[in-house]
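Undergrad: Structure provided below as structure tokens; questions to follow.
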Amino acid sequence: MAKKISQSKIAAELGVSQSLVSIVLNGRREGIAQKTYERIWNFALQHGYSPKGMRMAGEDQAQRVRTVGYFLRSPLRLANKSNFFSHITQGLHDYLQEQHVNMVFLGSEMDFDPEEMHRIGWQKQLLQGIIIMGEVEPAFLAAVRELDKPLVYISARSPGLCHSVNSNEYDAAEKLVDHLHGTGHRHFAYFGSRRPPSRNRDRLEGLRLALRRHRLSLPERNILVDEDGERKEGYRLAEKLLAAPPDPFPTAWICVNGLMARGVLSQVYQAGLALAGDVSIAAFDNTRVCSEELPGITGASAVPEELGREAGRIVLHSELHEDHQLLDVVLPSRFTHRESTGPAPAATSIPSM
């Protein structure tokens, strides 16, 4: 067998530094010219280079390391990955590890021009499948599909185009409303976000339907929405509601996720309201932000690690990708009661602040 070319040899042949070659062959693209990136990779592949412990395309298929790659929706990156997708990534990693499959982060949606997606070098050759976490723009999804790899969409769906795995948002809404209604609450408020649009739309619609089952409604004035669903947006929205509180005053506040619920909770404390007394706070969430910070936040959602595991199962099973059949998997929600919710107060008038 011919001796594989080394990084130092590649650097010498191309007249570039060995550190640059090392950076490129380890998959980094940021700050590197596209032509330089492709020139180094093309030369390396043509001369039989393979990263340590990994066989490149063209070698014995049975000996090749199996790898699944994943993208994050914009504007997420590894440095600011959401609490929710951190759990999903852990579940995906655990499943792939059990199957002796590697996992590689391919980048954020915002890192790529869809027109350039076909120029991804070694990732396209090695990947056994691709997973997209979160709702992306149609052009980006179309570009990923053109890589012609098994593809699973998590926490988003595109019917007829790829597999998807989602939480049952309607089931979660029913569990939250049933719990709060059962403890005497009759007036509700919702704190939501505009991104990503489909998941947040489903949660609000699920809440409306769940309230309708109890012959209750959600007045438009009690729906407060911001651009994102982070703590600061929750804090601002709760401040807005309390600045001009509706009458009757909503005693059950449901948030689009746990991070927003934490922000809402901070404003409740600052306003001098009693948590689980004057107001109860719940969230469409089943992550550590609800369970590992105090007080705990009542929540309902599919276990996000299970979303990751299910996506891994689908992407690795080749028979699921035959004959263009596509799966739209919806996992049931799990409800957990924590300290943030309690019985409705005796009066529904605006509490003193």
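Undergrad: How far apart, in nm, are two points set 7 Å out from the Cα along the Cα-to-Cβ line at Ser198 and at Asp247?
TA: Result for the modelled spin labels: 4.4 nm.
Undergrad: Further question on the same structure: Working out 0.36 nm times the residue gap between Ser19 and Lys232, then minus their Cα-Cα distance, what length gain in nm do you get to one decimal?
TA: 72.6 nm
Undergrad: R0 = 35 Å: FRET efficiency of His317 with Lys9, Cβ-based, nearest 0.05?
TA: Once rounded, the FRET efficiency stands at 0.30.
Undergrad: Could you grab the relative contact order for the chain? Cα pairs under 8 Å, six or more apart, rounded to a whole percent.
TA: 18 percent
Undergrad: Calculate for the chain the 222 nm mean residue ellipticity that helices alone would give, adding -39,500 (n - 2.57) per DSSP H run of length 4 or more and normalising by residue count, nearest 500 deg cm²/dmol.
TA: Helices in the chain give a 222 nm mean residue ellipticity of -11500 deg cm²/dmol.
Undergrad: While we're looking at this one, here's another question. Keeping to pairs on different chains or 8 or more places apart, tell me how many lysine pairs in the chain have Cα atoms under 16 Å apart.
TA: Lysine pair count for the chain: 5.
Undergrad: Still on this structure, please answer the following. With a point put 7 Å past each Cα toward its Cβ, work out how far Leu216 is from Ala276 in nm, to one decimal.
TA: It works out to 1.9 nm between the two label points.
Undergrad: Let me ask another. Distance in nm between label sites at Leu161 and Leu294, each 7 Å beyond Cα in the beta-carbon direction?
TA: It works out to 4.6 nm between the two label points.
Undergrad: Where a ≥ b ≥ c are the square roots of the eigenvalues of the C-alpha gyration tensor, would you call region 156-277 rounded, which needs a/c under 1.5, or, failing that, prolate if a/b is larger than b/c, or oblate?
TA: Because a/c hits 1.5 or more and a/b fails to exceed b/c, region 156-277 counts as oblate.
Undergrad: Let me ask you something else. At a Förster distance of 45 Å, what's the computed FRET efficiency of Arg186 paired with Gln99, Cβ-Cβ distance as r, to 0.05?
TA: FRET efficiency, Arg186 to Gln99: 0.35.
Each reported figure results from applying straightforward, stated rules to the coordinates on display, with no laboratory input. Just so it is clear, the model here is predicted, and its values are computed rather than measured. Using ideal geometry, Cβ is built from the backbone for each residue, glycine included, and neighbour counts are taken over all protein chains shown.
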